[in-house]
Amino acid sequence: MLDALSWFIGWRYTVSRREQRFISFVSLVSLLGLILGITAMIVVLSVMNGFDRELKQRILKVIPHGFVEFDGHQDWRELATQLQTQPGIVGVAPLIAGNGLVSFSGKTIAVEINGVLPESVAAVSDVGDNMVIGRIDDLNDEPFSIILGQVLARRLGVNVGDKIQIMLPQINVTPVGIFPRQKSFKVVGVFVVGADPDNQLALVHINSAARLFQQLQSDKTPLVKQLQVKTTDMEQSDQILLNMSHALANNKLKVSSWADTHRVLFNAVKMEKRVITLLLFAVIAVAVFNIASILVMMVAEKRKDIAILRVMGAESSRIMKIFVVQGMLVGFVGVITGALIGSVLALYMSDIMSWMEALTGRHLFSPDVYYIARLPSDWKLSDVIIVLGVSFTLCALATMYPAWKSGKIDPVQSLNE
């Protein structure tokens with residue numbers, strides 16, 4: 001354990017009385033490097049958390065929290081009633097989904113087609129609140145109508161009232177030849193959520209989707225095999241859906257969450273965060289290496305002091321503790337200061353960037369180019385704790401070699417130099 005003498009001498013070596021400066025120049029350099037590294041780490045992690053949160057919230061304005069698939073023999077209304085009685089389930093709606101090609105004026109784009117029931121959409125999705133043209137209630141099946149994402153509509157060059165063709169990877173055999181299955185749809189609305197669905201999602205009436213994908217029952221009503229589900233907590237949707245499946249004890253149900261349907265996208269976001277975290281820890285490691293270098297120089301400078309302490313009876317272990325204290329003091333001040341500055345910047349990052357944009361008159365994220373107009377930031381205590389823990393560990397390791405070196409100094413040789 002560190003004793004009072006080790007603390008006192010280590011503190012004196014760290015704090016310079018010369019010209020009343022609080023920290024000596026060499027310690028100040030290593031301290032500033034550590035502060036900058038910790039600050040950058042916390043700010044960047046918070047910004048990446050903010051982008052991740054924005055991405056999830058925007059996608060989930062259109063995509064439900066979960067899906068329940070079944071064989072279609074059970075009436076979907078009866079199943080929906082059962083699901084709504086389960087804990088954590090706040091909304092259920094039918095869905096008939098598929099993929100196809102949408103064509104207009106010589107342009108053809110692959111799209112995801114969701115057949116929805118307009119009166120049930122609000123229970124699982126906020127797309128109705130994000131319509132920029134038209135209303136979700138404008139969807140009908142006579143004639144076939146369609147609502148497109150804003151980016152998709154812009155790429156096709158369509159406006160409300162235009163008719164587009166949807167082609168499926170299926171064929172129709174006619175007396176005049178073989179043709180791909182296709183239907184004509186009238187554009188009745190455009191939505192925007194500021195995420196990937198704007199570029200690849202189209203909404204049609206569930207009756208239209210049933211006829212398009214040939215999912216009709218004998219009475220010509222839609223054969224629904226999938227339900228959309230909204231939960232009370234999107235972050236816990238996996239567990240809520242799993243508990244619901246166990247409670248119903250129906251082995252014919254297959255449940256999946258938004259994390260499953262968009263796993264590739266969010267895994268890519270997580271991977272980017274991990275890579276950037278490792279790179280920033282490398283920056284902190286450089287700052288910590290600087291502390292180790294400063295301690296080695298300090299040991300060389302204080303050889304005579306160390307020799308005198310050894311002659312006075314100080315053990316090698318006590319000498320080592322002195323430089324451990326010095327390194328940990330610099331590390332402690334740097335890590336805590338960096339964490340405080342980084343946390344403040346992360347918490348007010350959006351306001352700071354707005355102020356800078358107002359001051360310079362230039363936008364960091366142009367609304368005409370990017371989905372977001374402000375830099376998002378989501379400060380998390382767990383991230384700060386991890387950064388603090390790893391940084392303190394690195395600082396402790398950095399003191400080991402210089403401290404060991406100080407304990408090996410020969411007092412007789414040092415005093416005779």
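The eigenvalues of the Cα gyration tensor, multiplied by 5 and square-rooted, give the stretch 66-258 an equivalent ellipsoid with semi-axes of 30, 21, 14 Å from largest to smallest. Protection proxy ranking for 123-130, 181-188, 157-164, using the average of other Cβ atoms within 10 Å per residue and placing the highest first: 123-130, 181-188, 157-164. Here the gap between Thr221 and Thr337, fully extended at 0.36 nm per residue and compared with their Cα-Cα distance, gives a gain of 35.2 nm. Once backbone amide H atoms are built at 1.01 Å from N, Gly88 has no partners under 5 Å, excluding neighbours fewer than 5 places away on the same chain. Using R0 = 41 Å, the C-beta based FRET efficiency linking Ala282 and Asn243 works out to 0.45. Using only side-chain charges placed at the Cβ, +1 for Lys and Arg and -1 for Asp and Glu, the dipole size of the stretch 66-258 relative to its Cα centre rounds to 720 debye. Place a point 7 Å from the Cα of Arg77 along the Cα-to-Cβ direction; which residues of the stretch 93-134 have their backbone N under 19 Å from it? Taking a point 7 Å out along Cα→Cβ of Arg77, the residues of the stretch 93-134 whose backbone N falls under 19 Å are 93-96, 116-124.
In this simple spin-label approximation, Leu347 and Thr261 carry label points 7 Å from Cα along the Cα→Cβ vector, and these lie 3.7 nm apart. Extension gain, Thr108 to Ala40: 0.36 nm times the residue separation minus the Cα-Cα distance gives 20.0 nm. Working ranking of peptides 255-262, 77-84 by packing, defined as the average number of other Cβ atoms within 10 Å per residue, highest first, is 255-262, 77-84. Annotation: extensible slack from Ile386 through Arg135 equals 85.7 nm (criterion: 0.36 nm per residue apart, minus Cα-Cα distance). All Cα-Cα separations within the stretch 45-167 were binned at 10 Å from zero, giving a P(r) of 10, 35, 34, 18, 3, 0, each value a whole percent of the pairs.
Computed from the coordinates by the stated procedures, all read-outs in this text should not be read as laboratory data. Note that this is a predicted model, so its numbers are computed, not measured. Positions of Cβ are backbone-derived with ideal geometry, glycine not excepted, and every protein chain shown enters the neighbour counts.
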